[in-house]
Structures are given as C-alpha cells and as structure tokens.
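In what follows, a single structure is set out as structure tokens and then discussed.
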Amino acid sequence: MTRIVVCGEALIDLVPGGRSTDTRVSQWRALAGGGPFNTAVALARLGAEVQFVGRLGGDSFGAQVRSHLEANGVGTRLSHTTEEATSLAVVSLDEEGRASYTFHFAGTANFGWARGELPTLAGGDWLHLGSIITVVAPGAASLLDWVRDGSGPMSFDVNVRPSVIPDLAAYWAIVEPWLAAVGARGGLVKGSDEDFHHLAAFSGLPTEPEALVAALRERYGLGWAVLTRGPDGAVGAGPEGVVVVPSPPVALVDTIGAGDTFMAGLLDGLVVRGLPLAEALRRGAAAAAIVCGREGADPPTAAELDAAQR
C-alpha cells in the first residue's frame with residue numbers, strides 16, 4: 001500500500017456552542033482541525049497508511065491535536081513539537097451552515113518551518129500538502145524548497161484564505177510557484193470554484209470549470225487538476241480527459257472539513273485504490289457529502305463511505 005505523507009497546519013477550531021444567560025460569557029467547542037490535518041484523519045479512517053508532518057504546539061491544545069491524530073491511526077513521528085502556542089481558527093456559521101474563519105496565527109507553531117526540520121521521504125511515498133501553511137512566512141519558503149528538492153508523487157490543495165492575505169494579487173504570486181513545483185513532479189492540484197474565483201483576476205485562467213481544469217493541467221504540466229463546486233459536484237482533468245461528477249444530495253449541517261474530506265476520498269480512490277479519475281471524484285464527493293451532514297470535520301470510515309456509494 002502506498003504511504004501518504006500529509007504536511008500542513010494543525011490547529012484548534014473554536015466552533016460556536018450553546019448560548020449562556022450571562023452576557024459576559026460565550027460558549028465554544030475547541031475541536032482539533034486544520035485543512036491538511038482533517039485530510040490526514042479522513043485518509044486514516046478510510047484505511048490508508050498516513051504520516052502527518054506538522055509543527056505541533058507545546059501547549060494543551062497541541063497535546064489535543066497529537067492525541068486526535070494518534071487516536072485515528074495517523075502517525076506523528078515525522079512531526080515536530082515546538083514550545084510555541086497552537087494556532088486558533090474562530091469559526092462562524094451562516095444560516096445555511098456554511099463556515100467562514102478568523103485566524104489567530106501570530107507566534108504560533110505551524111508556520112516556523114526550517115529546512116532542517118523537514119523529513120526525507122521514502123521513494124514510494126505520496127506527499128500531500130497545501131492550504132495556509134504554503135503561503136504564510138517564514139515557513140512557506142522552506143516548504144517550497146523542500147518540495148522542489150523532491151521528485152516523488154504529490155498533491156496540493158490550494159484552499160485560498162483571503163482573511164490571511166487580503167491582497168489577492170500577492171496571494172496569486174505566492175500560489176503560482178507551488179503550481180509549477182507540483183507540475184514539475186507530475187502531481188495533482190485541487191481547488192474549489194471559490195478558490196479560483198478569488199484568484200481569477202490575476203491568474204489569467206478561464207473561469208468555466210471544464211476549461212479551467214484543462215488549462216491548469218496544460219499550463220503547469222500537472223498529472224491531474226480537480227475543481228470542487230460544492231452542491232454542483234466536481235470536475236477533473238487527467239490523462240483520460242475531462243470528467244464531471246455530481247454531488248450526492250445532503251441535509252446540510254455545516255461545511256466544516258468538507259473540502260478536506262473530499263481531498264481524502266479523492267486520494268483514497270486515485271492513489272490507494274487505483275481507481276479511474278471519475279470514480280475517485282465520486283468517492284471524494286460522497287465522502288464530502290457525509291461530512292456536510294454531520295457537525296464539524298467528522299469524516300467517514302471506509303465502511304460508511306462504501307455503504308453510501310452503494
């Protein structure tokens with residue numbers, strides 16, 4: 001079985017809890033999270049062999065993050081524990097359950113990567129990374145050098161967060177070298193329609209979904225390019241051409257972790273099980289639909305996903 005090494009941020013999502021009669025008090029649930037973190041947990045629940053590469057905080061929240069990874073079968077021996085605090089993401093949910101995030105990152109553990117802290121991977125490992133850790137200094141530069149030095153198979157999740165870098169022209173200038181680095185390794189890039197909408201004015205890429213994935217693959221030499229479209233399904237381009245799949249119906253609770261879980265389902269299908277792109281996309285969409293019907297990033301097991309697809 002191919003081992004998947006997931007690199008990225010691990011943080012605490014503060015999710016609104018119940019109401020208090022004391023107006024000085026608000027109630028929150030502190031949930032272990034972070035985009036790549038969620039993907040690692042989701043992959044492990046689907047039965048993949050997973051190692052997590054992260055800078056974990058030295059506080060109680062950092063211990064919670066590590067405990068959740070290990071309880072779900074994600075290896076942590078490639079991670080690095082620091083004395084810094086754990087990053088926080090304050091989650092806001094709109095009336096339909098769609099999540100938005102306010103981040104508290106200053107001086108926290110996730111973003112201080114130095115080249116010497118990063119592991120040497122085995123030749124057969126599949127590396128997955130992306131999200132905020134790839135754009136926040138100073139560690140993003142070390143991570144990009146690490147990826148450029150490697151040669152194995154990999155995937156990258158764009159996951160644009162304008163609240164982290166409001167200047168979207170600057171954001172695109174940081175993201176594009178990652179696309180080129182992934183393309184140099186014949187890898188896979190995944191983003192949402194919202195991600196590429198944010199960057200469209202600066203990327204020069206088409207906005208029509210099928211044209212966008214084809215253009216990404218051609219411009220950067222990617223093996224695969226994938227675009228998620230929420231309730232409208234997903235579009236992918238690979239060696240077999242462009243394919244479109246629908247999203248299963250879902251009674252939406254919230255969207256926390258939906259894109260991260262889609263990524264896990266996609267990698268489980270494409271990398272672990274060797275499925276054709278269309279079937280891997282359907283697996284990703286089904287996994288995301290299950291998470292959208294639950295509270296928070298609570299990805300399915302392989303048995304749950306298999307049952308949903310049947």
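Assorted remarks:
- Computed from backbone phi with θ = phi - 60° and the Karplus coefficients 6.51, -1.76 and 1.60, the 3J(HN,Hα) list for segment 282-294 is 5, 5, x, 5, 5, 5, 5, 5, 4, 5, 5, x, 10 Hz; x is used for glycine and proline.
- Formal net charge of residues neighbouring Ala234 (Cβ-Cβ distance under 10 Å; K, R +1; D, E -1): +1
- In plain terms, if you count all Cα to Cα distances in segment 65-206 and split them into 5 Å steps from zero, the share in each step is 2, 8, 16, 20, 21, 17, 11, 4, 1, 0 percent.
- When the GluC sites (Glu not before Pro) in segment 91-186 are filtered for DSSP coil states and for at most 12 other beta-carbon atoms within 10 Å of their beta-carbon, the remaining sites are Glu95, Glu96.
- Averaging the sequence gap over all C-alpha pairs within less than 8 Å and six or more residues apart, then dividing by the number of residues, gives segment 121-184 a relative contact order of 40 percent.
- Computed over the chain, the alpha-carbon pair-distance distribution with 20 angstrom bins reads 36, 60, 4, each value a whole percent.
- DSSP-assigned coil residues among trypsin sites (Lys or Arg not before Pro) in segment 86-191, each with at most 15 further Cβ atoms within 10 Å: Arg98
- Across the chain, the relative contact order, built from alpha-carbon pairs under 8 Å that are at least six residues apart, equals 16 percent.
- Going by neighbour counts of Cβ atoms within 10 Å, the residues Phe202, Phe52 line up, fewest first, as Phe202, Phe52.
- When Asp298, Asp22, Asp306 are arranged by Cβ crowding within 10 Å, least crowded first, meaning fewest neighbours, the order is Asp22, Asp306, Asp298.
- Segment 147-200 and segment 1-59 have their alpha-carbon centroids 21 Å apart.
- Relative to the Cα centre, the charge distribution of the chain, modelled as +1 at Lys and Arg Cβ and -1 at Asp and Glu Cβ, gives a dipole magnitude of about 440 debye.
- Within the chain, DSSP assigns beta bridges of which about 45% are antiparallel (rounded to the nearest 5).
- Here the Karplus curve 6.51 cos²θ - 1.76 cosθ + 1.60, taken at θ = phi - 60°, turns the phi angles of segment 264-270 into couplings of 5, x, 4, 5, 4, x, 6 Hz, with x standing for Gly and Pro.
- For segment 298-310, Karplus couplings with θ = phi - 60° (6.51, -1.76, 1.60), whole Hz, Gly/Pro x: 10, x, x, 7, 4, 5, 5, 5, 4, 5, 5, 6, 6
- Positive-end residue of Ala288, Pro299, Val213, charge dipole of segment 170-310 with Cβ unit charges: Val213
- Sites listed here are trypsin sites (Lys or Arg not before Pro) in segment 1-54 whose DSSP assignment is loop and whose Cβ has at most 16 other Cβ atoms within 10 Å: Arg19, Arg24.
- Farthest toward the positive end of the dipole of the chain, out of Phe61, Val242, Pro276, is the Cα of Pro276, where the dipole comes from beta carbon charges about the Cα centre.
- Between the amide H of His80 and those of Gly54, Arg55, Leu56, distances stay under 5 Å, these residues lying 5 or more places away or on another chain, with hydrogens modeled in the peptide plane.
- Computed magnitude of the charge dipole of segment 60-195 (debye, nearest 20; Cβ of K, R +1, Cβ of D, E -1): 420 debye
- Charge tally for Pro16 (other residues, Cβ to Cβ under 15 Å; Lys, Arg +1; Asp, Glu -1): -3.
- With K and R counted +1 and D and E -1, the other residues having a Cβ less than 13 Å from that of Ala109 yield a net charge of -3.
- Exposure proxy shown here: for Thr255, Thr134, the number of other Cβ atoms within 10 Å sets the order, fewest to most, as Thr255, Thr134.
Bear in mind that the values in this text are calculations on the coordinates, not laboratory data. Owing to the predicted nature of the structure, the values given are computational and were not obtained by experimental measurement. A quick note on method: Cβ atoms are made from the backbone with ideal geometry, for glycine too, and the neighbour counts reach across all protein chains shown.
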